[in-house]
Amino acid sequence: MNYSYNSGFKIQNISFKLEEKVVCGLTGNNGSGKTTLLRLLVGLLKPKSGNIKIFNNILTRNKKELWEIRESIGFLFQNPDDQLFAPTIEEDISFGPRNLKLDEEEVKVRVDWALDAVNLSEFRTYSPFNLSWGQKKRAALAGLLAMKPKLLILDEPFANLDFTSIYNHLVILEKLRKENEITIFFTSHNLFFVEHWAKKMLFLDNGRILFDGKPHEGLRNSDVKQLLGSYDDILTLIKNR
Ligand SMILES: Nc1ncnc2c1ncn2[C@@H]1O[C@H](COP(=O)(O)OP(=O)(O)OP(=O)(O)O)[C@@H](O)[C@H]1O
Ligand SMILES: [Mg+2]
């Protein structure tokens, strides 16, 4: 699959498979194309050539089909301000389940459950504008959880979150993985999650896949290591100042 922006940046010859029910971590430096790849996967961008299959259906731009496929995919935007739109977070979280045409009682059950899962029950009537950045990210995740998707595509789900929020998110994501057998594809600059949470790692460099395999092997790959840099380099700089 290939894609290019007018700016000239290209996603080139990307080809990979995601196994169902696994956690896959996508990493790579700023501007390497991670968010672009995720936007392609959820149909927000259309490949210039090649195609993408989700649950054995080719992702098309046909609106009806795209909507059906999207119902089973939850996409967490890197920036929660791009995701939250309703006057209150409870309305925001209700939007998806209402679109699934669930009855109001079930919508309420899902919204209460999702708010509780991300620890935001007491903020339910708040405007997204009045939440902290981390709270917004948690509210955006709650909106996805309420849809009970089969595939979660998460752009930087842990960035800017405190340890308690990360812990709570992992509790709920793991619970969903066990009970609903969901597949998770996430991006992160934090290699801790790629190493310990993901079973598969993809490393992007300038729009190409440089590594596709087991995280512990990827993180030892010399090309990957060189591109990633390390705290050691930063520490040396600080110590020698
Ligand atoms: N809408 C756009 N139009 C033109 N170029 C874009 C657009 N969005 C992103 N780009 C370019 O595509 C490249 C990849 O951007 P992308 O956001 O996918 O990177 P990323 O790996 O997600 O980076 P980060 O780690 O900072 O989130 C960048 O060079 C960026 O300037
Ligand atoms: Mg990004």
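A few comments on the model shown:
- One residue stands out among those in segment 62-73 that are in a helix (DSSP H, G or I) and surrounded by 14 or more Cβ atoms within 10 Å (Cβ to Cβ): the one that is nearest to ligand 2 (Cβ to nearest atom), which is Arg70.
Quick grid of which residues meet (1) β-branched (Val, Ile, Thr); (2) within 16 Å of ligand 1 (Cβ to nearest atom); (3) surrounded by fewer than 19 Cβ atoms within 10 Å (Cβ to Cβ):
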position	(1), (2), (3)
Phe158	no, yes, no
Tyr167	no, no, yes
Lys178	no, no, yes
Lys200	no, no, no
Leu210	no, yes, yes
Pro215	no, no, no
Asn221	no, no, yes
Lys225	no, no, yes
Asn240	no, no, yes
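- Candidates Asn56, Asn62, Asn130 - the one that is polar (S, T, N, Q), on the phi > 0 side of the Ramachandran plot and free of Cβ contacts under 8 Å to residues at least 12 places away in the same chain: Asn56
- Residue in segment 5-18 that is touching a Pro at 6+ places or on another chain (Cβ under 9 Å), free of Cβ contacts under 8 Å to residues at least 24 places away in the same chain and assigned to a loop (DSSP other than H, G, I, E, B) present: no
- Counting the residues of segment 186-198 that are surrounded by 23 or more Cβ atoms within 10 Å (Cβ to Cβ) and either out of contact with any strand residue (DSSP E or B) (no Cβ under 9 Å at 6 or more places or on another chain) or part of a strand (DSSP E or B) (or both) gives 2.
- Criterion: surrounded by 20 or more Cβ atoms within 10 Å (Cβ to Cβ) and closer than 22 Å to Ile184 by Cβ - qualifying residue of Leu100, Leu76, Leu44: Leu76
- Residue in segment 167-185 that is part of a helix (DSSP H, G or I) and either among the hydroxyl-bearing types (Ser, Thr, Tyr) or at pLDDT 95 or above (or both) present: yes
The values are calculated or read from the model by the stated rules, or taken from the named source; none is laboratory data. What you see is a predicted model, and the numbers here were worked out from it, not measured in a lab. Don't worry about glycine lacking a Cβ; one is built from the backbone with ideal geometry, like all the others, and counts go over all protein chains shown.
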